[in-house]
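Novice: Below is the structure I would like to discuss, written out as structure tokens.
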Amino acid sequence: MTYTRERLGELLLRSGRITETQLGNALAIQAEEGGKLGQVLVRHLVLDEDDIARTLAEQKGLEYVSLTNYKIDREAVSRIPDRVARRCLVIPIGYDRGAIVLAMADPLDIETIDDVKVRTGMDVLPVVATATQIQYAIEKYITSADAFQDVMVNAEEDEVEAEISDGDEDVPIVRMVNQLIREAVIENASDIHIEPGDKSIRIRYRVDGVLHEVMQLPLSVKAGVISRVKIMAEMNIAERRRPQDGRIGIVINGRAIDLRVATLPTPAGESIVIRVLNHDMEMLTLEMLGMAPEHLRTMERFLARPYGAVLVSGPTGSGKSTSLYAGLSRINNPSRKIITIEDPIEYQMPGVTQMAVNPIIGLTFARLLRTVLRSDPDVVLVGEIRDAETAEIAVRAALTGHLVLSSIHTNDAPSALTRLVDMEVAPYVTSSALVGVVAQRLGRRLCRKCRKRVKVSSELLLAAGFTPEEVEGGLKLYGPKGCDDCAGTGYRGRIGLFEVMEMNDELERLFLKEAPSEQLREAAIAAGMKTLRRDALDKVAAGITSLEEIDRVVI
């Protein structure tokens, strides 16, 4: 194929995407401000990147690709240097019939095509992608592509383990592990799973609560990867028979990231799970959590109390800590002394005294809580109520003039009461101290750009929990489709699903009579509590999430 240099403006004009007046204005701005014509058109909202990329692809008879869900070949990526990719805004993404496939924001740049041809010694097959997607792919793949290549081609198990002991950043296995973590942070993953199998090591990231496989590594790197992570987390690398826990503090792209590491011995080798905690993540407000107006009003009442206990319940990863921090930020003002006890400190909050537990030196939740109560606090946040001692101290603190916020592991709001009884807190103490319980889950939000209308039968809607009146009223439901913005998943971001139970006289009476949690639940619903399922259905009816998604996270 012969490539000739053409001008972007002429192609856009020929395709009818812009008018002569718009082109003239854009060229005048380009002469004044500098930069490429495409950047000027995007910056001044004449066209978006996708329009330009698709036009270039059509006019030059090239394929348009979306890199957000394209399976990029790491070996191909390593064929050109980082500096060339960044300067020319190109990235090799694979091979096709002996040619290297090169994603380009500007396929009219024949000089770059020739440069890549010379560097790789291969024919070049250009494809078109948006500049933003190429920058993202460069950031994600190319920085340490050579490390992956070196490790996957040359690694011998004994050599790798010997090499990493000194922590040299130039050792391929060290750079590869760093890049695994870096990619997870770029992807906004909450967890990294490193799982050895019989034939390979599977790497999976949990994004928006769902696991996605991102790569398979050869077994030859197993010892090196596991040992490197254990060294970073200050674990005993010689101990492979027992589970271990550790932490890693790391800075990625100027952001402080805290990693919690857990190892599990399996017949195929140690499996590792790394929880990613981003200290610089935006602090969410109560409104941003997705609470319904009535839930917001109830939470405001809880937080306005001068003393009492407010518990947030739900399984691991359901957003309990985020909700607690949102509540704290609402009442954080100079007139209040707020102290937190956490494991670990997940967000830095100005104006709040924060402490981390450290069981190794005896700083448990219970011991720190005793000390905190002697430090004249108005509000105390206890990261989690895990044992009877912490439960007893926290609930009694709520009786003695402190507002106590904490989390507890139960499936719904009424079960938090019976859980405290299981922890041997006297019912008369709990009933007097507890202000309310918030149970929650996290559901994925439908991508606003590509969500699609779906038809669901009346029978299924009724079975899901919608009322006959709602079904007859004509519900407009949406489902996932998949686009570049959501990486083909159909979902982007998450929203909270809530159940807020406020203590009242009837609940106290039943609780003191040791009524089962189901009876407590019926009383709470009779008093106006909206269940988790009902809150989730309301968000489905509003087009925020899908019926499939709430079935996945709410019983």
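Novice: Just tell me which aspartates and glutamates come within less than 15 Å, Cα to Cα, of LYS481; anything on the same chain fewer than 8 places away is out.
Specialist: GLU548, GLU549
Novice: Please report, for the Cα atoms of region 283-401, the Rg to one decimal and the Dmax as a whole number; what are they, in angstrom?
Specialist: 14.0, 44
Novice: Which value, in debye to the nearest 20, describes the size of the charge dipole of the chain about its Cα centre when Lys and Arg Cβ atoms bear +1, Asp and Glu Cβ atoms bear -1, and nothing else is charged?
Specialist: Result for the chain is approximately 940 debye, rounded to the nearest 20.
Novice: When the accessible area of the chain is computed with all protein chains present and a 1.4 Å probe, what percentage of it is carbon and sulfur?
Specialist: Details: 12800 of 25990 Å².
For the chain, the apolar C and S fraction of the accessible surface comes to 49 percent.
Novice: Of THR467, CYS483, VAL438, which is farthest along the charge dipole of region 416-514 in the positive direction, counting Lys and Arg as +1 and Asp and Glu as -1 at C-beta?
Specialist: Result: CYS483, furthest along the dipole toward the positive end.
Novice: Sticking with this one: What net charge do the residues around GLU502 carry, taking every other residue with its C-beta under 12 Å from that of GLU502, with Lys and Arg at +1 and Asp and Glu at -1?
Specialist: Combined, the nearby Lys, Arg, Asp and Glu give -2.
Novice: Let me ask you something else. As a test of the definition: which semi-axes, in Å, follow for the chain when you take the square root of five times each eigenvalue of its alpha carbon gyration tensor? Largest first, please.
Specialist: On the way: eigenvalues 477, 205, 95 Å².
Listed largest to smallest, the semi-axes of the chain are 49, 32, 22 Å.
Novice: Would you grab the residues whose amide H sits under 5 Å from the one on HIS402? Only those 5+ places off in sequence or on another chain, please, with H modelled 1.01 Å from N.
Specialist: Hits under the 5 Å cutoff: GLY308.
Novice: In degrees between 0 and 90, to the nearest 10, how far off the longest principal axis of the chain does helix 532-541 point, with axes built from Cα atoms?
Specialist: The helix 532-541 is inclined about 40 degrees to the chain.
Novice: Taking the Cα centre as origin and putting +1 on Lys and Arg beta-carbons and -1 on Asp and Glu beta-carbons, what dipole magnitude results for region 1-132, to the nearest 20 debye?
Specialist: With Lys and Arg at +1 and Asp and Glu at -1, about 280 debye.
Novice: Within a Cβ distance under 15 Å of ARG552, other residues only, what is the Lys/Arg minus Asp/Glu net charge?
Specialist: So the environment of ARG552 carries a net charge of +3.
Novice: Quick one: angle between helix 293-304 and the longest Cα principal axis of the chain, in degrees between 0 and 90, rounded to 10, please.
Specialist: So the inclination is approximately 60 degrees.
Novice: Still on this model: Sum up the charges of everything whose Cβ sits under 9 Å from the Cβ of TYR141, counting Lys and Arg as +1 and Asp and Glu as -1, but leave TYR141 out.
Specialist: 0
Novice: Any chance you could give the angle, 0 to 90 degrees and rounded to 10, that helix 20-33 forms with the longest Cα principal axis of the chain?
Specialist: Approximately 80 degrees, to the nearest ten.
Novice: Now a separate question. In region 445-505, if every C-alpha pair distance is counted and binned at 5 Å from zero, what percent goes to each bin?
Specialist: Histogram of Cα-Cα distances, whole percents per bin: 4, 16, 16, 14, 18, 15, 9, 5, 2, 1, 0.
Novice: Go through LYS199/LYS452; LYS36/LYS60; LYS320/LYS452 and tell me which ones have a Cα-Cα distance over 29 Å in this structure.
Specialist: Checking Cα-Cα distances, LYS199/LYS452; LYS320/LYS452 exceed 29 Å.
Novice: Taking a probe of 1.4 Å, how large is the accessible area per residue of the chain, in Å²?
Specialist: On the way: 25990 Å² over 555 residues.
Accessible area per residue, the chain: 47 Å².
Novice: Here's something else I'd like to know. Ranked highest first by average number of other Cβ atoms within 10 Å, how do 441-451, 533-543, 60-70 line up?
Specialist: So the order, starting with the most tightly packed, is 441-451, 533-543, 60-70.
The values are calculated or read from the model by the stated rules, or taken from the named source; none is laboratory data. This structure is a prediction, so every number in the text was calculated from the model and none was measured. Methodologically, a virtual Cβ is constructed for each residue, glycine included, from the backbone with ideal geometry; neighbour enumeration extends over all protein chains shown. Ligands, DNA and RNA are excluded from the accessible area calculation, which covers all protein heavy atoms including side chains. Shrake-Rupley method; radii C 1.70, N 1.55, O 1.52, S 1.80 Å.
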